[in-house]
Amino acid sequence: MQKNRMNLSLWVGSLLVAFLVILAIVGPWIAPYEEDFKERVRNVEVNGKTKIISPPLPPSADHWLGTDKAGSDLLSLLLYGARYTIFVTLLIAFLRVLAGTVVGVYLGTAEQAQRWWLAVENAWGYIPMFIPAYFLLSGINVNAELPVGALLAIFIGLLSLLGIPSVVASIRQKTEQIKHSQYVLAATALGAGRHSLIYRHILPQLKEQITVMFVTEAIAIMTLMGLLGMFDMYVGGTFMTTDPITYHSVTHEWAGLVGAYRGFIYSAHMYIFLAPLGAYTVAVVSFALLGKGLRQRHQGTYHRTAYL
Amino acid sequence: MTKQLLAMFLLVIIVCGAPLMVYTSKEEVVFEPDKLVSRAVYLVEQMSHGTLGTYELGQTEREIAHDLLPFAVRSFGLLLGGVLLAVFISVIVGLFLQRFFLARLLQRLLDLLSAIPDFVLVLFSIMLAIQFYKWTQIRIITLSPNSDAVNSWFPMAVLAIGPTIFLTKVISLHYRQISGEDFIKTALAKGLGVWHVLRHHVWKNILPIVLADLKKTVAIAVSNLFVVEYTLNVVGLTRFIFSKGAPYQFNAAVMGLMAIILLSILVYYLVRLLLYVCTRTFVYE
């Protein structure tokens with residue numbers, strides 16, 4: 001593979017992710033309307049005739065993405081919600097990878113394989129992660145009187161814990177591969193202890209893979225958040241009204257908005273659904289591009305050219 | 001086997017019992033494992049008397065045992081159809097037609113789509129179906145839960161998207177590896193036909209990989225099954241698990257989840273059997 005070929009996925013992915021992070025930070029400041037702003041029903045004079053204007057309003061110069069049924073400006077909601085989508089995802093991914101790497105490296109360098117762990121690993125791989133996440137959240141998340149911060153903390157803790165086993169699994173497998181390589185054997189023969197093996201030989205080798213894993217986990221978390229949103233478990237709390245039954249996202253997090261507005265898919269106001277769906281899809285695809293780019297770079301560095 | 005089933009039942013009870021154990025009251029999170037134990041004991045007691053209890057569907061209270069079979073049959077048909085479709089398409093595109101430009105183009109498209117989460121693809125296909133109806137007046141999607149079975153192919157096709165993307169990727173990757181092997185070169189050099197080599201050399205070497213990844217394929221299909229049944233209003237086992245609006249129902253959730261696990265195991269073995277039979281008929285003749 002040519003060394004200096006431009007890695008398009010990496011560039012576009014990094015730029016998009018950087019853009020999303022900046023958007024998440026400055027979102028509330030650049031939002032055109034307040035978070036609780038609602039467009040009211042009003043009369044407007046058009047060609048001498050009075051016309052009643054009531055939400056949902058389609059996209060216009062005043063509301064770039066339109067408003068929802070309650071009259072909230074969709075662009076503002078997305079800008080307020082961006083920080084939750086991006087930072088919650090990044091934080092959970094960080095916690096998963098951190099804890100997973102520590103446990104995985106130590107399990108991988110253990111003298112004997114831990115059989116109980118292998119059984120857990122094996123079973124965990126086939127359980128769709130959103131089932132336990134849904135059931136654990138469903139008692140907590142809906143109409144809770146807890147502050148948003150506490151609900152966020154519970155959400156982050158729960159999703160981190162549920163995702164750790166799969167990270168541990170792949171780190172453990174890779175550690176075991178590295179453990180059998182010549183240089184680790186040489187270091188052991190020269191008297192290196194377990195810790196120095198991990199810090200000097202195993203972690204430097206895992207560096208790139210851990211970066212890729214961080215991005216892969218971020219995508220998995222976003223997917224999970226989206227699935228939970230489809231079943232009305234939103235990040236930072238669900239507000240449910242009982243008559244009629246409607247669900248609202250407290251934080252306006254993107255995956256939650258996709259779930260909350262999914263009913264509009266069958267209505268004439270499909271833009272209400274398309275706005276959060278578009279934002280969410282762009283976010284996931286940016287991380288996917290970044291992951292693809294990182295993998296390509298990794299392969300370019302370590303890949304040996306095939307002779308056939 | 002019995003031990004595994006028992007462990008699975010316990011796991012399902014713990015997972016489904018989570019809302020009974022962990023919940024919020026006023027401003028604190030309550031953790032009460034004893035509540036789960038009493039409910040689980042009650043469930044087992046009911047089962048020993050030959051009933052599975054009742055659940056609420058909308059406004060009416062219904063027997064779980066009465067609804068379990070028709071719901072399970074519906075979910076089973078959907079799951080089996082989806083997985084079979086995925087296996088069929090990915091074997092054809094990833095292996096037998098991989099030599100042709102069009103199949104590779106299709107596969108690149110699938111690769112592009114794999115960046116998007118499966119449930120978003122499900123939503124996109126619904127929007128596409130609605131647009132299609134607007135343009136052509138041909139209806140391919142229905143949301144009426146009691147419509148005829150003719151309409152069940154749309155959920156099936158939508159369900160197959162995720163597993164197809166995954167399995168096609170796996171198969172084509174190994175196709176490229178295997179087709180570079182020396183024994184393929186030898187076979188072609190000896191003048192054997194391309195189809196013969198594909199069936200007798202490539203397929204036989206790819207089959208173990210397909211079988212190894214079949215579990216993962218079924219797992220992907222199952223997690224998409226929830227979304228497809230829920231969004232397309234299919235009357236299946238998902239009804240037991242995610243009750244729209246009604247309070248949480250422990251018995252129904254346990255039965256629904258357990259049935260889905262058993263169904264996925266059944267589907268896994270059925271597809272394996274089918275692959276075996278197909279190999280016997282078409283490859284060994």
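The values are calculated or read from the model by the stated rules, or taken from the named source; none is laboratory data. As the structure is a prediction and not an experimental result, all values here were calculated from the model. Don't worry about glycine lacking a Cβ; one is built from the backbone with ideal geometry, like all the others, and counts go over all protein chains shown. Side chains included, ligands, DNA and RNA excluded: accessible areas come from the protein's heavy atoms. Shrake-Rupley method; radii C 1.70, N 1.55, O 1.52, S 1.80 Å.
Inside the stretch A:250-280, residues that are closer than 30 Å to A:L146 by Cβ, outside any helix (DSSP H, G or I) and either of a type in the set (S, T, Y) or open to solvent by less than 20 Å² (accessible area, probe 1.4 Å) (or both) make up a count of 3. When the stretch B:262-278 is limited to residues that are among the aromatic types (F, W, Y) and under 19 Å from B:T2 (Cβ atoms), the one that is surrounded by the most Cβ atoms within 10 Å (Cβ to Cβ) turns out to be B:Y268. Listed by first and then second residue, the pairs with beta-carbon distance under 7 Å, at least 6 apart or on different chains, first residue in the stretch B:112-127 and facing chain A (nearest Cβ under 7 Å), second open to solvent by 30 Å² or more (accessible area, probe 1.4 Å), are B:A115/A:V285; B:I116/A:V285; B:P117/A:T223.
Among the residues of the stretch B:24-46, just one is surrounded by 19 or more Cβ atoms within 10 Å (Cβ to Cβ) and not in a helix (DSSP H, G or I), namely B:T24.
Kindly indicate whether any position in the stretch A:39-46 is in a loop (DSSP other than H, G, I, E, B) and open to solvent by less than 50 Å² (accessible area, probe 1.4 Å).
Within the stretch A:39-46, the first condition is being in a loop (DSSP other than H, G, I, E, B), and the residues that meet it are A:39-41.
Add one more test, that the residue is open to solvent by less than 50 Å² (accessible area, probe 1.4 Å), and what stays is A:39.
Checking the stretch A:39-46: at least one residue is in a loop (DSSP other than H, G, I, E, B) and open to solvent by less than 50 Å² (accessible area, probe 1.4 Å).
Go through the stretch A:259-296 and give me each residue that's among the hydrophobic types (A, V, I, L, M, F, W, C) and touching a strand residue (DSSP E or B) at 6+ places or on another chain (Cβ under 9 Å). Correct list: A:A260, A:I272.
Residues that are surrounded by fewer than 19 Cβ atoms within 10 Å (Cβ to Cβ), at least 3 per element: which helices (runs of 4 or more DSSP H) completely within the stretch A:59-163 meet that?
Numbers: elements: A:74-109, A:115-124, A:130-138.
Per the criteria, A:74-109, A:115-124.
Looking across the stretch A:243-293, just one residue is away from chain B (no Cβ under 11 Å) and under 23 Å from A:N7 (Cβ atoms), and that is A:G293.
Working only within the stretch B:242-261, note down all residues that are hydrophobic (A, V, I, L, M, F, W, C) and either in contact (Cβ under 8 Å) with a residue 40 or more places away in the chain or surrounded by 24 or more Cβ atoms within 10 Å (Cβ to Cβ) (or both). Walk me through how you get there before you give the answer.
Kept after step one, since they are hydrophobic (A, V, I, L, M, F, W, C), are these residues of the stretch B:242-261: B:242, B:246, B:250, B:252-255, B:257-261.
Across the stretch B:242-261, the qualifying residues are B:A246, B:F250, B:A252, B:A253, B:V254, B:M255, B:L257, B:M258, B:A259, B:I260, B:I261.
Restricting the stretch B:1-51 to residues that are out of contact with any helix residue (DSSP H, G or I) (no Cβ under 7 Å at 6 or more places or on another chain) and of a type in the set (S, T, N, Q), the residue that is nearest to B:I261 (Cα to Cα) is B:Q4.
Considering (1) open to solvent by less than 30 Å² (accessible area, probe 1.4 Å); (2) over 24 Å from A:L227 (Cα atoms); (3) not charged (D, E, K, R), the lone condition that B:L105 does not fulfil carries the number (1).
For (1) acidic (D, E); (2) modelled with pLDDT of 85 or more; (3) out of contact with any strand residue (DSSP E or B) (no Cβ under 7 Å at 6 or more places or on another chain), each residue gets a yes or a no:
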residue: A:Q2; (1), (2), (3): no, no, yes
residue: A:W29; (1), (2), (3): no, yes, yes
residue: A:K49; (1), (2), (3): no, yes, yes
residue: A:T67; (1), (2), (3): no, yes, no
residue: A:S76; (1), (2), (3): no, yes, yes
residue: A:A82; (1), (2), (3): no, yes, yes
residue: A:T89; (1), (2), (3): no, yes, yes
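Filtered by the rule that a residue be closer than 18 Å to B:F250 by Cα, at the interface with another protein chain (Cβ under 8 Å from one of its Cβ atoms) and of a type in the set (V, I, T), the stretch B:1-33 gives B:V15, B:V22, B:T24. Among the residues making up the stretch B:122-145, those that are hydroxyl-bearing (S, T, Y) and assigned to a helix (DSSP H, G or I) are B:S125, B:Y133, B:T136.
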